[in-house]
Amino acid sequence: MMRVRKTIKCKITDLTESKRKALERGYKNLQKYLHENEDVDLYSANKQQADRYYEEIKVGKEYPISVRKDLIDLKIMDNVVSKY
């Protein structure tokens with residue numbers, strides 16, 4: 001079976017101090033959950049995603065956090081990131 005993967009380049013707009021703190025807290029808690037296998041304050045969806053996709057955790061490597069689809073707004077912009 002062939003898997004299809006799509007990478008989306010994005011940025012955070014209108015970042016407030018509370019949003020920044022929430023993102024940092026979630027990211028740090030995910031790293032702690034993955035590397036130390038501790039029970040930390042983390043959304044259950046992020047725990048499930050981590051358990052499902054990260055079978056082997058490499059020491060010192062940082063892993064990306066997943067953002068739920070209902071929390072983001074995707075827009076197609078008229079620019080070119082890279083040419084294929």
TODO: Could you check how many residues of region 55-72 are surrounded by 11 or more Cβ atoms within 10 Å (Cβ to Cβ), closer than 10 Å to His35 by Cα and hydrophobic (A, V, I, L, M, F, W, C)?
DONE: 1
- [ ] For region 47-54, indicate whether the set of residues that are surrounded by 10 or more Cβ atoms within 10 Å (Cβ to Cβ) and assigned to a loop (DSSP other than H, G, I, E, B) is non-empty.
- [x] yes
- [ ] Within region 19-31, identify whether any single residue is farther than 24 Å from Lys9 by Cα and either part of a loop (DSSP other than H, G, I, E, B) or not hydroxyl-bearing (Ser, Thr, Tyr) (or both), and answer yes or no.
- [x] no
- [ ] For Leu30, state whether it is closer than 18 Å to Val59 by Cβ and within 12 Å of the chain's Cα centre (by Cα).
- [x] yes
Open item on the list: Filter region 37-46 down to the residues that are assigned to a helix (DSSP H, G or I) and in contact (Cβ under 8 Å) with a residue 12 or more places away in the chain and list them by number.
Closed with: Ala45, Asn46
- [ ] Search region 1-26 for residues that are in contact (Cβ under 8 Å) with a residue 40 or more places away in the chain and loosely packed, with under 10 Cβ neighbours inside 10 Å and pair each with any residue that is part of a loop (DSSP other than H, G, I, E, B) and not acidic (Asp, Glu) when their beta-carbon atoms are under 7 Å apart and the residues are at least 6 apart or on different chains.
- [x] Lys9/Val81
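May I ask you to say which residue of Glu55, Glu24 is of a type outside the set (Gly, Ala, Ser) and farther than 22 Å from Ile72 by Cα?
That would be Glu55, the only listed residue that is of a type outside the set (Gly, Ala, Ser) and farther than 22 Å from Ile72 by Cα.
Going residue by residue through region 9-16, is there one that turns out to be assigned to a helix (DSSP H, G or I) and on the phi < 0 side of the Ramachandran plot?
no
On the basis of being surrounded by 10 or more Cβ atoms within 10 Å (Cβ to Cβ) and either polar (S, T, N, Q) or touching a residue at least 12 places away in the same chain (Cβ under 8 Å) (or both), does Leu34 make the cut? So that I can check it myself, show each step before the final result.
Working: surrounded by 10 or more Cβ atoms within 10 Å (Cβ to Cβ): yes; either polar (S, T, N, Q) or touching a residue at least 12 places away in the same chain (Cβ under 8 Å) (or both): yes.
Yes; evaluated as a whole, the condition is true for this residue.
FYI, it's all coordinate maths here, none of it is from the lab. Predicted, not measured: the structure shown is a model, and the values here were computed from it. Please note: Cβ atoms are built from the backbone with ideal geometry, for glycine as well, and neighbour counts cover all protein chains shown.
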